[in-house]
Amino acid sequence: MDLYREDVLDHYEHPRNQGELTGEGVESARDSNASCGDMVQFYLKIKKGRIEEVKWKGIGCAITTAAASKLSEYLRGRTLQEIRKMSEEDLLSKGIGFTVNPGRMKCLMLPVAVVRKVLDR
């Protein structure tokens, strides 16, 4: 197995930053993929324009789970301005770092869509 697949499987089997955040400065949004039943909710603790902490929860396939886990690690410490300027393709390549076949793009894009919802509020 190559390193790419090992990394994705590791994030699926041992997802990072799962949980919920509450309190001052926490913004949250969720979305689902009706065609397969995946659901993801992100919580971003924002302080002085910077993402201080990230948590997420959800139900999903290996791709959605690994993507949410990897994206949660990428977001921590970044500014809102930086993330808002990024295209979806940038968030995929830099924040998630793996690709899938076109039939599974909805799974890969779900965490990105949820983060965009949080930031568009």
Failed condition for VAL118, given (1) surrounded by fewer than 18 Cβ atoms within 10 Å (Cβ to Cβ); (2) more than 19 Å from ASP7 (Cβ to Cβ); (3) not small (Gly, Ala, Ser), with all others met? (1)
Go through the range 1-85 and tell me which helices (runs of 4 or more DSSP H), entirely inside it, have 2 or more residues that are in contact with an Asp or Glu (Cβ under 9 Å, 6 or more places away or on another chain) and of a type outside the set (Val, Ile, Thr). 62-75
Does ILE51 satisfy being touching a strand residue (DSSP E or B) at 6+ places or on another chain (Cβ under 8 Å) and aliphatic (A, V, I, L, M)? yes
Any residue in the range 89-109 that is under 21 Å from SER35 (Cβ atoms) sitting within a Cβ distance under 6 Å of a residue that is of a type outside the set (Gly, Ala, Ser) and part of a loop (DSSP other than H, G, I, E, B)? List the pairs, counting only those 6 or more apart or interchain. CYS107/CYS61; LEU108/VAL100
Applying the selection to the range 14-34, what residues are free of Cβ contacts under 8 Å to residues at least 60 places away in the same chain and basic (Lys, Arg)? ARG16
The range 94-104 - residue that is part of a helix (DSSP H, G or I) and modelled with pLDDT under 95 and, of those, surrounded by the most Cβ atoms within 10 Å (Cβ to Cβ): ARG104
Only listed residue being among the small types (Gly, Ala, Ser), surrounded by fewer than 18 Cβ atoms within 10 Å (Cβ to Cβ) and under 16 Å from LEU110 (Cα atoms), chosen from SER69, SER87: SER87
Among (1) under 17 Å from VAL8 (Cα atoms); (2) touching a residue at least 40 places away in the same chain (Cβ under 8 Å); (3) more than 12 Å from the chain's Cα centre (by Cα), SER69 falls short only on (3)
Hey, can you tell me all the residues within the range 65-121 that are of a type in the set (S, T, N, Q) and within 20 Å of GLU20 (Cβ to Cβ)? THR65, SER69, SER72
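The values are calculated or read from the model by the stated rules, or taken from the named source; none is laboratory data. These numbers come from a predicted model, not from an experiment. We place every Cβ from the backbone using ideal geometry, glycine too, and count neighbours over all the protein chains shown.
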